[in-house]
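A short worksheet on the structure shown next.
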Amino acid sequence: MRRQGAIIVRVLTINAVIQSFLAGFPVLMLHSSVTLAMLLVAVFVYIKITPYDEVALIRGGNTAAAVSLSGAVIGLALPLAFSMASSISIWEVLIWGPVTLVLQLIAYRVTDLFLKDLPNRILEGEVGAAILLVSIKLAVAAVNAAAVTA
């Protein structure tokens with residue numbers, strides 16, 4: 001009798017897990033799809049607002065450009081991820097996601113303007129300059145991510 005009770009509890013637990021999955025999977029897909037679409041748009045905009053063509057530089061073997069663009073992608077993704085994680089509905093993702101992206105893009109542009117010789121150094125392939133730029137991008141992303149969850 002005790003064994004049958006344990007089996008029933010396991011079946012009910014598995015059933016609950018399956019029901020939870022079936023209820024949550026569409027939400028996961030919707031939130032992930034919307035967030036990834038916003039990330040793709042933000043990366044596209046970032047590439048357009050930088051004073052050099054990262055993709056062409058990367059294709060040409062410029063490691064500094066690859067490091068810089070990689071930092072930008074991660075820096076854009078972090079606040080979006082935190083926004084999605086702290087959101088209850090897709091509407092919150094649609095509101096806070098773009099806000100964090102705009103703040104990130106502004107911060108990147110200001111950084112590029114402030115460190116005037118940095119774009120030229122990346123064009124020349126200086127990895128040290130790219131690492132400095134990545135550290136600034138990720139620092140801003142961390143602050144942005146924390147602010148959106150506060």
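Taking the Cα atoms only, what angle lies between the long axis of helix 127-149 and the longest principal axis of the chain, rounded to 10 degrees?
Taking Cα atoms only, the helix is inclined about 40 degrees.
Beyond 26 Å, how much of the Cα-Cα pair distribution for the chain remains, as a whole percent?
Roughly 41 percent, rounded to a whole number.
Out of F44, F21, F82, any idea which swings most in a Gaussian network model of the chain, alpha carbons joined below 10 Å?
The residue that fluctuates most here is F21.
Mind checking which of A139, A81, A65 has the largest fluctuation in a GNM of the chain, springs on alpha carbons under 10 Å?
Of A139, A81, A65, the Gaussian network model singles out A139 as fluctuating most.
Can you tell me the 0 to 90 degree angle between the C-alpha axis of helix 2-49 and the longest principal axis of the chain, rounded to 10?
20
Once you put a point 7 Å from the Cα of E92 and another 7 Å from the Cα of A139, both along the Cβ direction, what distance in nm separates them?
3.0
Can you give the angle from 0 to 90° between the axis of helix 90-114 and the longest principal axis of the chain, with both taken from C-alpha atoms, to the nearest 10?
The helix 90-114 is inclined about 20 degrees to the chain.
Every read-out reported here was derived from the displayed coordinates using simple, explicitly stated rules and does not represent laboratory data. None of these values were measured; they are calculated from a predicted model. Note that we place each Cβ from the backbone using ideal geometry, even for glycine, and neighbour counts take in every protein chain shown.
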